[in-house]
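Take a look at the structure set out below.
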Amino acid sequence: MFLRCHTRRKDGKLHRYWSIVETRRVPGGSVVQRPVLYLGEINDSQREAWRKTIEVFEDGVPQPRTLALFPQDRPAPLADDAVVQIRLQDLTVRRPRQWGACWLACHLWTALGLDGFWAARLEPSRKGTRWDLVLAAVTAYRLIDPGSEWRFHRQWDEQSAMADLLGAGYEWADIHTLYRCLDRLLPHKRALFAHLTERWRDLFNATYEILLYDLTSTSCESDPPEDPHDKRRFGHSRDKRRDCVQLVIALIITPEGFPLAYEVLAGNTPDNRTLRLFLRQIERRYGKAERIWLMDRGIPTEETLEQMRGSAPPVRYLVGTPKGRLSTLEAALLDQPWHQVRAGIDVKLLPQAGEVYVLARSASRVAKERAIRRKRLKRLWQRLRQLQGMALPRDPLLLKLGAARQRWPAAWRLVQVSPQPDGTLVFALNRAKLRQVRRREGRYLLRTNLPDRDPATLWALYMRLVQVEEAFKTLKGDLALRPIHHQFLPRIEAHIFVAFLAYALHATLRRRLRDLAPGLTSRAVLDKLQAIQMVDVHLPTTDGREIVLSRYTQPEPDAGLLLRQLRLQLPAQPPPRLYAQTAVAR
């Protein structure tokens, strides 16, 4: 990098403009120069232009002073302590750090009113630690570049401009400060849910008549707890980590992806025991109304559905139903006509006892499920042939058959396996079961008590459940919810709480992109803005002091286009500061 001077004559006066330029060698051997930072004008033509001023905060002086800057090669026209000569040849650029994505995270934090919400609930400590600022930094870290608290403390804090943006000093210099901040969050969970609900209603006119509900699990890298009331338990792992204790997370979101509430449950909680808790919570928070609940199969029980139908007013639902129920409804469904809701999607409706069963058939899903079934059946068949040629004793053969059954359970149901007393293995394809499976491939059964029985409407409603799957994918992928390395349950729940906060920012940005920049994802925008850096420009003076200008770099053309498309305006550059040489060295 080097300093470049641009001269321009305007109204008979000569103006000098300075900028920092970076030299890069590109493929082919040529060299290109890119402006990194624009410093502005350092004027030396006449007295009025000599007083080109900037606001400088001098170390130890609370009020700003007006100084006139002159390059060292031009003599100062006045003998005044307000005139400072700088040594341009000794200019240095220090501490490059990521600024753009951090600024966007702070902008989203303020747009949701979380700065005022947490400032009123997390009072500063006796030492002056601003817990609300610590939480804002930790949430931005989880949104932009998630990792452990130790990594935040040792690496990310130095590589980001969060301290500059939040106006914090050494709020999170101590690793224990981050942990103590987590300890203060959980009592405010319900208040946060209510606050976010109101903010999304104000910002996007969000409605809450349709609610999406689903569950997932997250593994914990900790020993099994001795406390019988601890929520960390072994259970059905959706992460395929049967070796780890886990927690179950139940989440409610809107079709637009706004998270309304979540609950952390024991890792061995069955899916069908979670819904009643949320029905009561939503009713207390929003009152009784004819809301529509969208759920996957296995979550509601028959008793819960009966309770939803019998409430006043009735709670509407559209839920997935296990394919096993097709056996009892297949004969009645054969008499119903197919209704095409879109290309490749057909639907049948079967009214029955105050409900409507919806059988959907997808041509693309038929091809997908058939390919998966053939692949698994082929591998199981190859394994059985290997075992057939091994001539194993009966007990080892049974153990290997059990392992094959555990690995390919769906394909195992299509094969009749008969180990003989002499150790030989006989197996054959169950053709009747195979024909039944082929008929049901690409089909799924739904049930609902909605009064609107239009096939296209019902199918489109159920397809909104992909928003929940997308939310879990974002939480576990982009926001690195799993695995959890904390060893104490309250901090594990606080870790999930911070991930929920980060997802609220993520969902807000995604909703804004839908209107202003469709096609872009939240992650793509954050990655693009990370290219905007902040640097400290040190201008040494002839009297032994240094002027430090913290400046963010000019956005690249693509980043500038993105900012304009999102109607975002970058803030003014921070004011420079004047330090004694010893203070800068310190």
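Yes/no matrix, rows are residues, columns are (1) at pLDDT 85 or above; (2) out of contact with any strand residue (DSSP E or B) (no Cβ under 6 Å at 6 or more places or on another chain):
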residue: LEU279; (1), (2): no, yes
residue: ARG284; (1), (2): no, yes
residue: GLY287; (1), (2): no, yes
residue: LEU294; (1), (2): yes, no
residue: ARG297; (1), (2): no, no
residue: GLU303; (1), (2): yes, yes
residue: GLY310; (1), (2): no, yes
residue: PRO313; (1), (2): no, yes
residue: SER327; (1), (2): no, yes
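Could you say whether any residue in segment 497-512 is under 25 Å from LEU192 (Cβ atoms), among the aromatic types (Phe, Trp, Tyr) and under 12 Å from the mean Cα position of the chain (by Cα)?
Of all residues in segment 497-512, those under 25 Å from LEU192 (Cβ atoms) come to 497-512.
The next check asks that each one be among the aromatic types (Phe, Trp, Tyr); those that pass are 497, 500, 503.
Those left that are additionally under 12 Å from the mean Cα position of the chain (by Cα): 500, 503.
Yes, segment 497-512 contains a residue that is under 25 Å from LEU192 (Cβ atoms), among the aromatic types (Phe, Trp, Tyr) and under 12 Å from the mean Cα position of the chain (by Cα).
Go through LEU479, LEU450 for me and flag whichever is in contact with a helix residue (DSSP H, G or I) (Cβ under 6 Å, 6 or more places away or on another chain), surrounded by 15 or more Cβ atoms within 10 Å (Cβ to Cβ) and outside any helix (DSSP H, G or I). Steps first, please.
Details: LEU450 fails: in contact with a helix residue (DSSP H, G or I) (Cβ under 6 Å, 6 or more places away or on another chain).
Going through LEU479, LEU450 in turn, the sole match is LEU479.
Could you tell me which numbered condition TYR357 fails, if it satisfies all but one of (1) assigned to a strand (DSSP E or B); (2) within 30 Å of LEU489 (Cα to Cα); (3) in contact with a Lys or Arg (Cβ under 7 Å, 6 or more places away or on another chain)?
(2)
Yes/no per residue for (1) within 27 Å of ARG545 (Cα to Cα); (2) polar (S, T, N, Q); (3) surrounded by fewer than 21 Cβ atoms within 10 Å (Cβ to Cβ):
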site: GLN85; (1), (2), (3): yes, yes, yes
site: LEU91; (1), (2), (3): yes, no, yes
site: PRO96; (1), (2), (3): yes, no, yes
site: THR110; (1), (2), (3): no, yes, yes
site: ASP115; (1), (2), (3): no, no, yes
site: TRP118; (1), (2), (3): no, no, no
site: SER125; (1), (2), (3): no, yes, yes
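Please verify whether GLN467 is part of a helix (DSSP H, G or I) and among the polar types (S, T, N, Q), treating the condition exactly as stated. Don't jump to the end; show me each part of the working.
Numbers: part of a helix (DSSP H, G or I): yes; among the polar types (S, T, N, Q): yes.
Yes: the conditions hold for GLN467.
Let me confirm something: among ALA191, ALA136, which residue is surrounded by 13 or more Cβ atoms within 10 Å (Cβ to Cβ) and either among the hydrophobic types (A, V, I, L, M, F, W, C) or more than 22 Å from PRO574 (Cβ to Cβ) (or both)?
None of the others qualify; the one that does is ALA136.
Limited to segment 186-245, what total is found for residues that are within 28 Å of GLY116 (Cβ to Cβ), in contact (Cβ under 8 Å) with a residue 60 or more places away in the chain and of a type in the set (Val, Ile, Thr)?
So in segment 186-245, the residues within 28 Å of GLY116 (Cβ to Cβ) come out as 186-208, 211.
Within this subset, residues satisfying the condition of being in contact (Cβ under 8 Å) with a residue 60 or more places away in the chain are 186, 188-189, 191-197, 199-200, 203-204, 208, 211.
Then keep just the ones that are of a type in the set (Val, Ile, Thr); that gives 197.
Here the count works out to 1.
Those residues that are within 16 Å of LEU165 (Cβ to Cβ) and β-branched (Val, Ile, Thr), I need them from segment 532-553; list them, please. Step through it out loud before you land on a result.
Applying the first criterion (within 16 Å of LEU165 (Cβ to Cβ)) to segment 532-553 yields 532-536, 550-553.
Across segment 532-553, the qualifying residues are ILE532, VAL535, THR553.
I'm trying to understand the selection: among the residues of segment 234-258, which are among the polar types (S, T, N, Q), surrounded by 20 or more Cβ atoms within 10 Å (Cβ to Cβ) and assigned to a loop (DSSP other than H, G, I, E, B)? First the steps, then the outcome.
As a first pass, look at segment 234-258 and keep what is among the polar types (S, T, N, Q): 237, 246, 254.
Narrowing the set further to residues that are surrounded by 20 or more Cβ atoms within 10 Å (Cβ to Cβ) leaves 246, 254.
Across segment 234-258, the qualifying residue is only THR254.
Scanning segment 110-153 for residues that are in a loop (DSSP other than H, G, I, E, B) and acidic (Asp, Glu), which turns out farthest from HIS188 (Cα to Cα)? Let's see the steps before the verdict.
Filtering segment 110-153 down to residues in a loop (DSSP other than H, G, I, E, B) leaves 112-113, 122-130, 145-148.
If we keep only those that are acidic (Asp, Glu) as well, we get 123, 145.
On the way: GLU123: 13, ASP145: 25 Å.
Selected residue: ASP145.
Quick test of your reading of the structure: GLY519 fulfils all but one of (1) under 20 Å from the mean Cα position of the chain (by Cα); (2) more than 21 Å from GLY147 (Cβ to Cβ); (3) part of a helix (DSSP H, G or I); (4) not aliphatic (A, V, I, L, M). Name the failing condition by number.
Checking GLY519 against (1) under 20 Å from the mean Cα position of the chain (by Cα); (2) more than 21 Å from GLY147 (Cβ to Cβ); (3) part of a helix (DSSP H, G or I); (4) not aliphatic (A, V, I, L, M), the one that fails is (3).
So which pairs qualify, if the first residue must be in segment 424-442 and at positive phi and surrounded by 11 or more Cβ atoms within 10 Å (Cβ to Cβ), the second must be assigned to a helix (DSSP H, G or I) and not small (Gly, Ala, Ser), the Cβ gap must be under 8 Å, and the two must be at least 6 apart or on different chains?
What qualifies is GLY442/ARG365; GLY442/VAL366; GLY442/LYS368; GLY442/GLU369; GLY442/ARG370.
Does segment 174-195 contain at least one residue that is outside any loop (DSSP other than H, G, I, E, B), in contact with a Cys (Cβ under 6 Å, 6 or more places away or on another chain) and modelled with pLDDT of 90 or more?
Step one: list which residues in segment 174-195 are outside any loop (DSSP other than H, G, I, E, B), which gives 175-182, 186-195.
Filter once more, keeping what is in contact with a Cys (Cβ under 6 Å, 6 or more places away or on another chain): none.
Checking segment 174-195: not a single residue is outside any loop (DSSP other than H, G, I, E, B), in contact with a Cys (Cβ under 6 Å, 6 or more places away or on another chain) and modelled with pLDDT of 90 or more.
The values are calculated or read from the model by the stated rules, or taken from the named source; none is laboratory data. Just so you know, these numbers come straight off a predicted model, no measurement behind them. Neighbour counts are summed over all protein chains in view; Cβ atoms, including those assigned to glycine, are modelled from backbone coordinates with ideal geometry.
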